[in-house]
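Inspection log for the structure reproduced underneath, given as structure tokens.
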């Protein structure tokens, strides 16, 4: 067994030092852990990250030093190695891997100070371009979520921001779907993006631009994407049943992670179609539409509403309330949306608030009488 230390990821220097010790067999680090976190974890564990799945209930993902190293090394083989800008929280796997990659590259990550902004991004990037005495200008890398990229592209008319974006050999973009218009805008500016797919359970992104990293295998079983490789998590701390359901072995003894995502592998290229459960990823955060819907339906006039997820240019995905006319029209539509957004924010957080509301004459239903969510979602998309 090895000790587990609750870690505050705010200080990048302390984070790097503590993570370097954890990768070398020292005390494991716990991120987002609740008060009942254990003091000890199995030997080999480097970090434990609390994350939410489709139920919104936190899961404690245990990652070994071997898994984190395997992920970082595979990334370096694919895109190269250099100096990294830490623009994401270090307590999330994408931010944590920026630090791991820096440790393995023998470099110091540069962290944005304060709130993310185009000016802060440009200033931090400029500082990285100043070579140390005797050294050349390093290759620059960073990892962003689409919402951050959108903010930077909106500010790219400012020369320093545009130059900063163009300075990176690769900008990894993950955490949620990357809208095609956003990718095209970046390409037009000469910004080198790498679209990533993965999760905390895979030590972060393990499929780059649709192609699995060198040590990664991806296949589908009954339409669900499954991933194998040395970067898989050991499982969920304290939940052997969930671990057994999520990580399975095939007839050859190979261990696979059940992603819960629907998709296919076409001539070696992974294509993700969406969640098998009723979850969207907005701004890099998992949001259970079932939970949002239950709260929305408590608002007067919205008892029959359905909440669906649609693509969003800024956040990757967003939720939309679809309600039948009639009872909804007895009150102001804008008042209902405000009340619904406030109710969801109070219970789940601001990130889960529905984006808008659409009124229809009647909701599409299946033969069972249940809402035909896919038909409803398509109708909402057609309205845009």
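Computed from the coordinates by the stated procedures, all read-outs in this text should not be read as laboratory data. Not measured: the values here are computed from a predicted model. As a convention, Cβ positions derive from the backbone with ideal geometry for all residues, glycine included, and neighbour counts pool all protein chains shown.
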The one condition in (1) more than 20 Å from the chain's Cα centre (by Cα); (2) closer than 20 Å to residue 231 by Cα that residue 261 fails to fulfil: (1)
Scope region 1-38; condition closer than 18 Å to residue 100 by Cβ, over 24 Å from the mean Cα position of the chain (by Cα) and assigned to a loop (DSSP other than H, G, I, E, B); matching residues: 24, 25, 26, 27
In region 261-287, the residues that are surrounded by fewer than 17 Cβ atoms within 10 Å (Cβ to Cβ) and within 30 Å of residue 38 (Cβ to Cβ): 277
Residue 108 in contact with a helix residue (DSSP H, G or I) (Cβ under 8 Å, 6 or more places away or on another chain) and within 29 Å of residue 260 (Cβ to Cβ): no
Region 214-231: number of residues that are touching a helix residue (DSSP H, G or I) at 6+ places or on another chain (Cβ under 6 Å) and touching a residue at least 40 places away in the same chain (Cβ under 8 Å): 4
